[in-house]
Amino acid sequence: RWRELGKPGTPPDGSLITIGVDGARYDDALAIVATEVATGFQWPLGIWERPEAAPDDYEHPMDDADAAIVQAFESYRVWRAYIDPQYIDNLTDRWLGRWGQQRIQAWTTNRPKPIAHAVRSFANAITSGTIHHNADPLYTAHIGNARRKPLNVFDDDHRPMWTLRKEAASSPLKIDGAMAGILSWEARGDAVAAGVSTSRSRPSVFI
């Protein structure tokens, strides 16, 4: 079960964070989720869903998504952002131009073995209570909407592994926030493994 922080909020400015981005440009949803490295606290920087009655020319608000990332880089120390660029390469290229490959990294979620291990790590963090969040209702809904999708991948003990899927391809219930949370958590795990200092400092301002 999701463990909610006693008081919803966000970490203080200057905290070390990681970011995960998943979604599409026109369909389903576009989600950006941050994780504080020191505490494992997650919160969405933004989740935009395609309305059911959206016009044919609907597009998720790319400028709003861009502004959310810019604000995060201005307020926090962003160690790394993992982004699935498959349908949002326009945003990925924009962010690479600003912050470079060291901090903006493509992480495609259609690779069976890497995503299976990332999903398991996220699920284990939920079970153990290592991860917690600010009770954002939309992010919580995306987590709850996710269903297991078995993969032809096995761990070292030959146990089957899985990724996430919607309950049905045509379902209006979105899960992009869940996948963004997994990418953010994966980046956080890599930050911990790299031994990055989590002491707070004055954030850098980027143009």
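The values are calculated or read from the model by the stated rules, or taken from the named source; none is laboratory data. All values reported here derive from a predicted model rather than from experimental measurement. Cβ sites come from the backbone with ideal geometry, for glycine too, and all protein chains shown count toward neighbours. Just so you know, the surface numbers come from the protein's heavy atoms only, side chains and all, with ligands and any DNA or RNA stripped out. Shrake-Rupley method; radii C 1.70, N 1.55, O 1.52, S 1.80 Å.
Rounded, prolate or oblate: which fits the chain when a ≥ b ≥ c are the square roots of the eigenvalues of the alpha-carbon gyration tensor, with rounded for a/c under 1.5 and prolate only if a/b beats b/c?
On the way: a/c = 1.42, a/b = 1.08, b/c = 1.31.
Rounded is the answer for the chain, as its axis ratio a/c remains below 1.5.
R0 = 22 Å: FRET efficiency of A169 with D56, Cβ-based, nearest 0.05? Walk me through the intermediate numbers first.
Details: r = 20 Å, r/R0 = 0.89.
Calculated transfer efficiency: 0.65.
Report, in debye and to the nearest 20, how large the dipole of the chain comes out about its Cα centre when Lys and Arg carry +1 and Asp and Glu carry -1 on their Cβ. List each step's numbers first, then the result.
Values: 23 positive and 26 negative charges, 172 e Å.
Computed about the Cα centre, the dipole is about 820 debye.
Kindly count the pairs of lysines across the chain whose alpha carbons are less than 21 Å apart, treating pairs on different chains or eight or more residues apart as eligible.
Numbers: K113/K149; K113/K166; K149/K166; K149/K174; K166/K174.
Lysine pairs meeting both conditions in the chain amount to 5.
Roughly how many debye, to the nearest 20, is the charge dipole of region 117-207 about its Cα centre, given +1 on each Lys and Arg Cβ, -1 on each Asp and Glu Cβ, and no other charges? Let's see the in-between values first.
Values: 11 positive and 8 negative charges, 43 e Å.
Using only the charged Cβ atoms, the result is roughly 200 debye.
What is the mean projected area of the alpha carbon convex hull for region 86-138, to one decimal in square nanometres?
Working: hull surface 22.1 nm².
It is 5.5 nm².
List the residue ranges in the chain for DSSP H helices whose C-alpha atoms run 18 angstrom or more along the long axis and whose Kyte-Doolittle average is 1.6 or above.
Numbers: long enough: 62-75 (20 Å, 0.16); 112-128 (24 Å, 0.15); 176-193 (26 Å, 0.31).
Once both thresholds are applied, nothing remains.
To the nearest 10 square angstrom, what accessible area does W185 show with a 1.4 Å probe?
20
With springs only between Cα atoms under 10 Å, which of Y76, Y139, Y58 fluctuates most in a Gaussian network model of the chain?
Y58
In region 6-90, what percent of the accessible surface is made up of carbon and sulfur (1.4 Å probe, ligands and nucleic acids excluded)?
Roughly 45 percent, rounded to a whole number.
Per the helix-only calculation at 222 nm, which mean residue ellipticity applies to the chain, given -39500 (n - 2.57) for every DSSP H run of n ≥ 4 and division by its residues, nearest 500 deg cm²/dmol?
Numbers: 5 runs with 69 residues, N = 207.
So the calculated ellipticity at 222 nm is -10500 deg cm²/dmol.
Counting other Cβ atoms within 10 Å of each Cβ, which trypsin sites (Lys or Arg not before Pro) in region 1-98 have at most 12 and sit in a DSSP loop? Could you put the intermediate results ahead of the total?
Numbers: sites: R1, R3, R25, R77, R80, R94, R98; in loops: R1, R25.
Of the trypsin sites (Lys or Arg not before Pro), the ones in loops of region 1-98 whose Cβ has at most 12 other Cβ atoms within 10 Å are R1.
Using a 1.4 angstrom probe, figure out how much accessible area region 37-192 has per residue, in square angstrom, rounded to the nearest whole. Display every interim value, and only then the final one.
Values: 7370 Å² over 156 residues.
In whole numbers, region 37-192 has 47 Å² accessible per residue.
If R0 is 22 Å, what FRET efficiency do you get for F154 and A194 from their C-beta distance, rounded to 0.05? Don't jump to the answer; show the numbers that get you there.
Values: r = 28 Å, r/R0 = 1.26.
Given R0 = 22 Å and the Cβ-Cβ separation, E is 0.20.
Compute a Gaussian network model of the chain, connecting alpha carbons closer than 10 Å, and tell me which residue from I19, I126, I104 fluctuates the most.
I126
Once both labels are modelled 7 Å past Cα along the beta-carbon direction, what's the Q86-D27 spacing in nm?
About 1.0 nm, to one decimal.
Given the whole protein assembly as supplied and a 1.4 Å probe, what does the accessible area of F154 come to in Å², nearest 10?
About 80 Å², ignoring ligands and nucleic acids.
With each label point set 7 Å from Cα along the Cα-Cβ vector, what nm distance links V70 and K113?
4.1
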